[in-house]
Structure formats: structure tokens, C-alpha cells
Amino acid sequence: MVVRSSNILLTNTKRYMCKKQSRIGEHLRLFFVCLIITPILICGCIYFDEGLQARSIFQEANDFFSQGDYEASLSKYEQIIEKYPTASDRVLFEMGIIYAYPRNEQKDYQKSLECFQKLIKDYPESEYRRDSEMMIFNINNVIIKDKTIATQKTQIETLQQEVKSKENGIVTLQKKIEVLEQKIFALRKEPADKILIEKKERRLALLSRGEVLKTYKIALGGNPIGPKERQGDNKTPEGTYVIDSRNKDSGYHLSLHISYPNEKDKKRARELGVSPRRHHDPWH
């Protein structure tokens, strides 16, 4: 009976030791698992917290953009790059958009291109790469169009200045015309004090105080060119003469008598040994 009791005690002791070792092993495994998992959890929490903070700053940047405060929005994106470099590709894309935004009065296409180009170079696998390439293409087209528009505006301004200059010239000419018209109107009220006959042009002009009142086409003798030298040469006298009378017996009420020949005509005729006129020559 004693032996049997001892065997039972030994058996129970072994079972107890086995259970105890098993529990110790489980505790050790749990301990090592905790040692491994704890840093992962800590890192995960830190990353999660950083993600929340980054999203918060992104939201602030977007709010500034919506309010039209583009400078403040860019400042927030620069803070994100410094604190959270893993989000740099998105930040570069957003900044490129702001620099090229049409409503941004301080827009800078060159800085916008630099943002997109840096994104493509430094982050070739970024999800924003393709959109950045499209933005570069569009911005370059806009730059070309803006240059064309600027050139055309310059040309338009130049033409406008020329038109304005010509308009001023036209105004000046109109004023001169008005002055001349006033002179002509005043002269028409006064009688003509001189008659000018231009033989070659077959033109007679009535003048008053040196101003032309009116012109007429006229007919001359058969050989009008040159001064009259003798009677019967069919030439019209050349020189300065006075209308000294009217021909009352003429069938033409405009028939006038001039003081031909003057002393110069007579001298020339004497030198040539001819008579300067016939009896009826003075009537012209």
C-alpha cells in the first residue's frame, strides 16, 4: 500500500511539473510576442497621428486656397514638406496648381513648371506623375499664347497711337479748312482787285487781297505761247496791265480794255521795228 501511494504521488508530481512548465512556456511566448508587437503598435500609432496632423494642415491649405489667400496656402504646403516629406509629391502637385491658377494675381508659370518637373524627377512612381506631365504641356501652351497675345496688344497699342496722331492731324486740318473757309466767305463779300491769266493752263483767276476768289477756264489766240511782240502774231500779251475801261459797244458785257501796250511792250516793238498792235488790239 505504501509503494502504491508513492507511485501515485510521483505520478501526480510529474503531471504538476508538466503543467507548470507548460504555463511558463506560454507566458514566455506571450512575453516575446508582446516585445515584438509593442514597437509595431507604437510606430503605427505615431504614423497614424502624423497622418492626422498632415491631413489637418492639408485642410488648412485648401481652406486658404478656397478663400483666395494663395500665399498663405503655399506657406502651409511648405510646412507639410518640411514635417511630412512622404507627402511631398502631393504637395508639389498642389503648389504647382496654385502657381498656375488663373485667379492668382501673383501666378508664376515658371515656379509652377518647376514644381511639376521636380515631382516627375524625384517621384517617378507617384500617382500624380501623369497629371503633372499634362499640366506641363498645358502651361507651355498657355505661355506661348500669352506671348502671342502680348505681341498683338503691343501692335494694337501702336496702331491706336498712330490713329490718335492722325486724328489730331485731321483735327488740325479741319481747323485750317475752317479758317480758310472764313477767309473765302469774307473775300466773297469784297470785289476782286486783280485778274490773273495763266496762259499755259488756259485759266483766269479772280483775286482779292492776294486770295483767289474764283477760277475760270478760258480760250486764247491761235498762238498764245510767249509774249506778244507785234500785231497779227495771235499772241496774248504778257505782263502787268490795268483795266482802264469797258467796251460799251461790245456784244459781250465782260469785254474789258487793258493798258496794252505798256512801256516795256513799246520798247520791245521799237527794237524789233514793228508795231505792237493793230487798231482793234487793245480790246481783250
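The values are calculated or read from the model by the stated rules, or taken from the named source; none is laboratory data. These figures come from a predicted structure and were not determined experimentally. Neighbour counts run over all protein chains shown; Cβ positions are idealised from the backbone, glycine included.
One residue is enough: does segment 112-121 have a residue meeting the conditions of a type in the set (Val, Ile, Thr) and part of a helix (DSSP H, G or I)? Break it down into steps so the answer makes sense when it comes.
To start, the set of residues in segment 112-121 that are of a type in the set (Val, Ile, Thr) comprises 120.
Restricting the remaining residues to those that are part of a helix (DSSP H, G or I) gives 120.
Taking every residue of segment 112-121 in turn, at least one turns out to be of a type in the set (Val, Ile, Thr) and part of a helix (DSSP H, G or I).
Exactly one condition in (1) surrounded by fewer than 18 Cβ atoms within 10 Å (Cβ to Cβ); (2) touching a residue at least 12 places away in the same chain (Cβ under 8 Å) is not met by ASN62; state its number.
It fails just one condition, (2).
Table: residues versus (1) more than 60 Å from the chain's Cα centre (by Cα); (2) of a type in the set (Gly, Ala, Ser); (3) over 18 Å from LEU220 (Cα atoms); (4) at pLDDT 70 or above.
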| residue | (1), (2), (3), (4) |
| --- | --- |
| PRO237 | yes, no, no, yes |
| VAL242 | yes, no, yes, yes |
| LEU254 | yes, no, no, no |
| ARG268 | yes, no, yes, yes |
| GLU271 | yes, no, yes, yes |
| ARG278 | yes, no, no, no |
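Pick from segment 84-140 the residues that are closer than 22 Å to GLU71 by Cα and acidic (Asp, Glu): which of them is surrounded by the fewest Cβ atoms within 10 Å (Cβ to Cβ)?
GLU105
Does GLU94 satisfy the condition of being out of contact with any Pro (no Cβ under 7 Å at 6 or more places or on another chain), among the charged types (D, E, K, R) and within 22 Å of GLN53 (Cβ to Cβ)?
Considered against the rule, which asks whether it is out of contact with any Pro (no Cβ under 7 Å at 6 or more places or on another chain), among the charged types (D, E, K, R) and within 22 Å of GLN53 (Cβ to Cβ), GLU94 comes out as yes.
Counting only residues that are over 20 Å from ASN138 (Cα atoms) and either aromatic (Phe, Trp, Tyr) or assigned to a loop (DSSP other than H, G, I, E, B) (or both), how many does segment 62-108 have?
7
Determine, yes or no, whether SER56 is in a helix (DSSP H, G or I), of a type outside the set (Val, Ile, Thr) and modelled with pLDDT of 50 or more.
yes
Hey, does segment 141-158 have a residue that's surrounded by 11 or more Cβ atoms within 10 Å (Cβ to Cβ), at pLDDT below 90 and on the phi > 0 side of the Ramachandran plot?
no
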